[in-house]
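The structure appears below as structure tokens.
The values are calculated or read from the model by the stated rules, or taken from the named source; none is laboratory data. Because the structure is predicted, anything quoted here is derived from the model rather than measured. Glycine gets a Cβ as well: all are built from the backbone with ideal geometry, and neighbour counts include every protein chain shown.
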Amino acid sequence: MNIGHSNKSIYIIIVNYRTPKLTMDCLKSLVSEKSKLPLLKVIVVDNKSEDNSVSEINNAIKENNWQEWIYLIASGKNGGFAYGNNLGIKSVLESNGNIDYFLLLNPDTVIRENALTTLVEYMEQNPQTGIAGSRLEDLDKTPQNSAFRFRTIFSELDSALRLGIASRILNKWIVAPPIRDSNFETDWVSGASMIIRPKVFTDVGLLDEMYFMYCEEMDFCLQAKKAGWSCCYVPESRVVHFVGQSSGINSRDQKPSRRPKYWFDSRRRYFFKNYGWFYSALTDTVWMLSFSLFKIREFIQGKENNDPPFLFRDFFFNTVFFHPFL
């Protein structure tokens with residue numbers, strides 16, 4: 001870490017919802033980074049967990065003497081990922097205008113050594129970059145996809161059809177490209193560990209709170225790109241991510257559960273907001289036709305069904321045909 005970067009002010013926002021133990025483990029992993037970035041502060045927003053989260057996290061802060069750099073905000077409602085992060089961001093901007101960076105960090109993460117300092121150094125060396133993301137990985141260092149392309153009608157076709165030849169043809173539109181070991185510019189990065197310049201918020205506003213969960217960071221990166229900011233993936237910044245532990249979706253150690261309505265609402269909002277009703281309708285139609293072809297092929301081949309229960313039905317009733325307004 002360049003010693004000249006140790007004077008940078010960075011606020012980490014962590015949104016907790018009924019995961020106090022995960023949140024406390026995440027906080028413990030930040031202690032070593034605090035010694036390298038003395039102006040580092042953390043805002044933990046509890047999204048009205050209605051369990052023992054607030055008391056447990058408060059006790060951990062006191063017991064570890066973290067009061068000078070870790071603060072807890074108890075939200076009056078569970079407004080989702082964007083709402084919780086915005087609550088923390090606004091509390092900082094209203095009280096302190098001299099901020100160099102914000103970092104959105106999931107509670108189900110543990111920071112590897114120098115993960116944060118690496119991000120700060122990258123941002124200092126690349127002033128045109130407004131957003132950057134870490135490499136997310138399993139505890140055994142197996143990398144996870146954390147740099148993505150924007151979703152389009154072609155990516156929806158590929159994700160539903162799941163046919164090798166189609167995937168090769170649609171390669172440049174696949175949402176999750178092959179994982180790389182070097183820095184590169186990407187469309188968007190996972191909000192599980194995402195550093196942002198405050199100027200980006202000035203230019204495009206805060207996260208869209210109409211997304212309860214999912215697609216909000218993709219939408220935010222798209223708005224930033226429209227405003228002229230680039231988004232980059234910085235794999236030397238490594239963060240352990242316990243997939244699905246904070247959201248309860250996509251957990252690897254469980255069978256797929258039925259997708260909640262907010263997942264479909266977020267997907268629909270992203271396409272409708274950014275591309276309009278007609279494009280959204282066409283995209284919905286393409287997905288349903290492609291998915292139907294996949295299920296027919298799956299049945300003929302006798303493959304095991306690994307999709308969430310009632311996926312097609314839930315998708316159909318959450319399309320723009322049933323929800324024609326943004």
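Here are the numbers for this structure:
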read-out	value
Residue within segment 42-59 that is under 19 Å from ASN7 (Cα atoms) and out of contact with any Ser or Thr (no Cβ under 8 Å at 6 or more places or on another chain) present	yes
Breaking point among (1) touching an Asp or Glu at 6+ places or on another chain (Cβ under 7 Å); (2) on the phi > 0 side of the Ramachandran plot, for LEU40	(2)
Residue in segment 159-174 that is in contact with a helix residue (DSSP H, G or I) (Cβ under 9 Å, 6 or more places away or on another chain), of a type in the set (D, E, K, R) and surrounded by 17 or more Cβ atoms within 10 Å (Cβ to Cβ) present	no
Options LYS255, LYS225: the member that is within 28 Å of CYS26 (Cα to Cα), among the charged types (D, E, K, R) and surrounded by fewer than 19 Cβ atoms within 10 Å (Cβ to Cβ)	LYS255
Pairs, first touching a residue at least 60 places away in the same chain (Cβ under 8 Å) and β-branched (Val, Ile, Thr) in segment 185-201, second in a loop (DSSP other than H, G, I, E, B) and surrounded by 22 or more Cβ atoms within 10 Å (Cβ to Cβ), C-beta under 6 Å, six or more apart	none
Identity of the residue in segment 1-54, among the charged types (D, E, K, R) and loosely packed, with under 15 Cβ neighbours inside 10 Å, that ends up nearest to SER193 (Cα to Cα)	LYS28
Filter result for the condition that a residue is in contact with a Cys (Cβ under 8 Å, 6 or more places away or on another chain), of a type outside the set (A, V, I, L, M), in a helix (DSSP H, G or I) and crowded, with 16+ Cβ neighbours inside 10 Å, over TYR83, TYR122	TYR122
Residue selected from segment 180-221 under the condition in a helix (DSSP H, G or I) and in contact with a helix residue (DSSP H, G or I) (Cβ under 6 Å, 6 or more places away or on another chain), by the criterion surrounded by the most Cβ atoms within 10 Å (Cβ to Cβ)	GLU216
Any hit, segment 23-35, residues being outside any strand (DSSP E or B), of a type in the set (Val, Ile, Thr) and within 26 Å of LEU136 (Cα to Cα)	yes
Selection status of PHE299, outside the structural domain of PRO20 (by TED's automatic domain parsing) and either more than 26 Å from ASP25 (Cα to Cα) or at pLDDT 95 or above (or both)	yes
Number of the exception - LYS141 against (1) over 25 Å from SER266 (Cβ atoms); (2) surrounded by 20 or more Cβ atoms within 10 Å (Cβ to Cβ); (3) not aliphatic (A, V, I, L, M)	(2)
Residue ID - nearest to VAL239 (Cα to Cα), chosen from residues in segment 104-118 that are of a type outside the set (S, T, N, Q) and crowded, with 24+ Cβ neighbours inside 10 Å	ILE111
Residues located in segment 275-317, provided they are surrounded by 12 or more Cβ atoms within 10 Å (Cβ to Cβ), assigned to a loop (DSSP other than H, G, I, E, B) and free of Cβ contacts under 8 Å to residues at least 40 places away in the same chain	PHE317
Any chance VAL44 is touching a residue at least 24 places away in the same chain (Cβ under 8 Å) and β-branched (Val, Ile, Thr)	yes
